[in-house]
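Okay, so here's the structure we're looking at.
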Amino acid sequence: MSVTDRLFDTRVRFLSGKGGTGKSSVALALCLLAAQKGKRVLLCETNPAESLARFIGEKPLNGEPRKLAENLHAVALIPREAIREYALMILKFKALYNAVFENRLVQYFLRAVPSLGEYVMLGKLWFHETQREDGEPLYDLIVVDAPATGHLISWMRVPQVFTEMMPAGPLKKSAGDFLEMLHDPARAKLDIVTLPEEMPVNETIEMDHAVTQQRLITRGLTIINRVTPALGSDLLPKLKEVVSADSESLFRPLLEAVETREHWRTLGERYLKRLPADDLASAIRITRQEAPLSGLAAFEAIAKEIEGQL
Ligand SMILES: Nc1ncnc2c1ncn2[C@@H]1O[C@H](COP(=O)(O)OP(=O)(O)O)[C@@H](O)[C@H]1O
Ligand SMILES: [Mg+2]
């Protein structure tokens, strides 16, 4: 299966992984790739404090989908705003919402419902996933820049907890709808972004086990970010030959730098071998860039690199 098939085989892609692995960067690149392919794409972010809009010089996102590029909209899943929207959907009228939800007792109650924020974030996502226009899905692909490993797992557990704990009512019913979405591989999958380093690889394995054993969501892509490309096979031996022939060689510092790079690269490849063999073989690799990623062009370049692995 090609990467585009693997990219478009589900409507909602959750991107998670250890913090700092590049989830937000990869999410944006995947969205740009899909949008260039003519898909209608929605990028959802879950952490407004680290809004990925800043990567491309945009102001932070909010609860209203905003156009970022042709075919690409982005929205923030913010608990407070999502709770308000959810309540408005049930109550229909703003005046009623204000009367009920601005009421201090009700606010006290809401704060006492654990995970309500996570629940309504899923609700908002479910809403966008089921949005239709002339009978067609409004979005072909929804990419969620999801929270890091531990938080992701507790988020994915929320609908199950709600179906078990809540008395019959709208909260319980919607939780069933969210579960259906998460359990259907045509509608939702979890992609993991990792690095060729020890801790991110270990977290990938842990998350993989947790979501599979607990049957939270189907696993999708494994994306290895910040990969150091292998050197041409004869560069190092040639450099060694030149330096060993001349003890004063000006190339000595270069040889040392190249050897250090090779040391870290092979160490990284060794850590990656801990991943399930199939995941490693089919993983998408993204090269480490020297300059910090910023501006649309940087993410379009990553999108191209992903596409080139078709
Ligand atoms: N392939 C890459 N090459 C170089 N820097 C990268 C790459 N991918 C991400 N980064 C940088 O790493 C940092 C963390 O990336 P980010 O996408 O914010 O990670 P996360 O969302 O997982 O916390 C950012 O400064 C980003 O520019
Ligand atoms: Mg991020």
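List of remarks:
- Flag if Ile78 is surrounded by fewer than 24 Cβ atoms within 10 Å (Cβ to Cβ) and within 16 Å of ligand 2 (Cβ to nearest atom): yes
- Yes/no for Leu141 being out of contact with any Lys or Arg (no Cβ under 7 Å at 6 or more places or on another chain) and within 20 Å of Glu45 (Cβ to Cβ): no
- Across the stretch 150-185, the qualifying residues are those that are touching a Ser or Thr at 6+ places or on another chain (Cβ under 6 Å) and within 25 Å of Pro276 (Cβ to Cβ), and the one among them that is most open to solvent (accessible area, probe 1.4 Å) is Pro185.
- Test: residue in the stretch 243-265 that is closer than 25 Å to Asp191 by Cα and open to solvent by less than 60 Å² (accessible area, probe 1.4 Å): yes
- Test: residue in the stretch 53-66 that is within 16 Å of ligand 1 (Cβ to nearest atom), β-branched (Val, Ile, Thr) and at pLDDT below 90: yes
- The lone criterion from (1) farther than 20 Å from Arg187 by Cα; (2) within 10 Å of ligand 1 (Cβ to nearest atom); (3) open to solvent by less than 50 Å² (accessible area, probe 1.4 Å) left unmet by Leu28 is number (1).
- Residues that are hydroxyl-bearing (Ser, Thr, Tyr) and outside any helix (DSSP H, G or I), drawn from the stretch 175-214: Thr194
- If only residues of the stretch 32-52 that are assigned to a helix (DSSP H, G or I) and within 16 Å of ligand 1 (Cβ to nearest atom) are counted, the one that is nearest to Ile78 (Cα to Cα) is Pro48.
- Condition met for Leu68 (part of a strand (DSSP E or B) and either under 25 Å from Glu307 (Cβ atoms) or touching a residue at least 12 places away in the same chain (Cβ under 8 Å) (or both)): yes
The values are calculated or read from the model by the stated rules, or taken from the named source; none is laboratory data. These figures come from a predicted structure and were not determined experimentally. Cβ coordinates were reconstructed from backbone atoms using ideal geometry, including for glycine residues, and neighbour counts include every protein chain displayed. What goes into the accessible areas is simple: the full protein's heavy atoms, side chains included, and nothing from ligands, DNA or RNA. Shrake-Rupley method; radii C 1.70, N 1.55, O 1.52, S 1.80 Å.
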